[in-house]
Amino acid sequence: MLVNFSFFSRHVIDLPCGFNFRRIKGMAHSSMGRRLVACLLNVSEARRKNLVETVAKAAIFDGDGRRREGTTVLNIFNDDDYNRSVITIVARIECITEAVLSACEKACGLIDMSAHEGGHPAMGSVDLVPLYPLGEEVELEDCAKEAKAVASGLTKQVSGTSAFFFGVADSPQHRGLAQRRKELGWFRKNPDKEAVRPDVGPLPQKRYGLTGIGASPYVTNCNITIDTQDLVLGRSVAKAIRESTPGGLPGVQVLALSHKGAVEIACNVESVMGKPLNQDGEGGEPWPTFSIGGQPYHHVPASVIAARVAKLAGQQGVATKGTALVGFTPHECRALAEKALSLGIGEFWKEQRRINM
């Protein structure tokens with residue numbers, strides 16, 4: 001079985017001599033004290049790589065080509081089969097709105113949702129704009145304020161765009177992303193966009209569709225591929241690990257999707273408030289923890305999800321083919337952002353090289 005954890009297979013970093021990743025793991029608590037926010041920007045394009053890079057560059061360069069201080073793009077993840085890319089933008093909180101808004105504007109100018117084809121559910125050319133605090137220095141309410149500023153700016157500057165809020169930005173209900181998507185028909189193959197009522201902007205238009213914008217504790221994307229084309233089997237595995245299922249994994253929202261001749265168990269791994277309960281050792285590693293505003297949070301590690309999927313699929317005679325983490329864990333994201341900003345590297349994704357394990 002090939003287990004392909006992306007921090008090693010997709011995120012090995014070429015950095016200056018003397019760089020030591022272990023040294024920067026503690027930088028989240030260093031004297032630098034940057035108030036950092038991450039945005040894992042999801043756009044409905046992956047096959048035109050240069051276009052996606054143009055969107056990423058819009059986050060870190062202004063209209064005159066000058067680099068924005070306090071902003072970096074750590075990673076660009078492209079999935080051709082889904083025709084979807086995730087751009088990891090990190091910036092100081094006072095810079096995040098301008099960076100993300102510029103990237104969204106560029107994406108809206110380049111991506112026509114009416115012509116989109118891909119195997120992943122999507123409603124917008126810019127499909128998802130989640131803002132996550134990286135460390136104690138930034139509160140969730142701070143991210144919610146910036147998320148609302150992005151939504152306001154986008155709908156004003158790009159006529160015809162519209163958005164819905166989720167998480168802490170969805171006041172006063174604070175509905176989660178999965179709930180909002182279900183309410184809006186995002187999971188349907190052909191959602192009725194005319195029945196959608198956005199929180200900001202007009203009824204969704206064919207070119208731009210509808211954008212989800214919100215704020216929450218960090219969400220990691222972990223995808224496990226199982227060696228079958230049986231979507232019914234895949235959905236049974238997905239249901240078993242879903243948070244809402246008794247015995248499921250906390251914070252795990254999951255879909256089973258056809259992907260490159262197999263089935264991918266695509267997981268959004270939400271951070272959960274509180275300290276992790278005693279676990280059964282599944283996956284063989286402790287559950288990572290961090291704090292926001294003095295409150296402890298934790299998330300299920302990728303190894304635990306992979307082990308659970310392998311067990312469930314194996315019970316039905318199906319093996320797993322690999323596991324990929326899209327982007328980084330909260331600790332990795334913070335540490336790499338600190339390093340990128342210290343070195344003044346905006347296009348940090350270019351410092352990465354891909355290896356096969």
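Here are the numbers for this structure:
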| read-out | value |
| --- | --- |
| Overall form of segment 57-102 per C-alpha gyration tensor (a/c, 1.5; a/b vs b/c) | prolate |
| Cα→Cβ-extended label distance, 7 Å offset, between Arg242 and Ala149, nm | 3.7 |
| Identified option (computed percent of Cα pairs over 32 Å apart; candidates [x] 39; [y] 47; [z] 27) | [z] |
| Nearest-0.05 FRET efficiency for Val232 and Glu285, computed from C-beta distance (R0 45 Å) | 0.90 |
| Residue among Ser236, Gly251, Ala310 farthest towards the positive dipole end of segment 219-328, charges placed on Cβ | Ser236 |
| Additional length obtainable on full extension of the chain from Leu343 to Lys189, 0.36 nm per residue less Cα span | 51.0 nm |
| Selected from Glu243, Glu117, Glu183 as most flexible by GNM, with the chain as the system and alpha-carbon contacts under 10 Å | Glu183 |
| Cross-link pairs Lys145/Lys239; Lys145/Lys350; Lys57/Lys156; Lys275/Lys311; Lys239/Lys339; Lys57/Lys145 - those with Cα-Cα distance over 29 Å | Lys145/Lys239; Lys145/Lys350; Lys239/Lys339 |
| Helix-only mean residue ellipticity at 222 nm for the chain, each DSSP H run of n ≥ 4 adding -39500 (n - 2.57), per residue, nearest 500 | -8500 deg cm²/dmol |
| Extension gain (nm, one decimal) between Gln316 and Gln179, 0.36 nm per residue minus Cα-Cα | 46.3 nm |
| Dipole moment magnitude, nearest 20 debye, the chain about Cα centre, only Lys, Arg, Asp, Glu C-beta charged | 340 |
| Sequence of Leu40, Leu257 once ranked by neighbouring C-beta atoms within 10 Å, starting from the fewest | Leu257, Leu40 |
| Residue among Gly135, Ala324, Leu341 farthest towards the positive dipole end of the chain, charges placed on Cβ | Ala324 |
| Neighbour-count order for Ser258, Ser125, Ser271, fewest beta carbons within 10 angstrom listed first | Ser258, Ser271, Ser125 |
| Rough spin-label spacing in nm, given labels placed 7 Å along Cα→Cβ, for Glu141 and Lys260 | 4.4 |
| Residue order, fewest to most beta carbons within 10 Å, for Cys333, Cys222 | Cys333, Cys222 |
| Among Ala307, Ala58, Ala324: highest mean-square fluctuation, GNM of the chain, C-alpha pairs under 10 Å | Ala307 |
| Spin-label pair Lys350/Ser159, simplified geometry with 7 Å Cα→Cβ offset, distance in nm | 3.6 |
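Read-outs: derived from the displayed coordinates by stated rules, not from any lab. Quick caveat: nothing in here was measured; it's all calculated off a predicted structure. For neighbour counting, all protein chains shown are included, and Cβ atoms are generated from backbone atoms with ideal geometry for every residue, glycine included.
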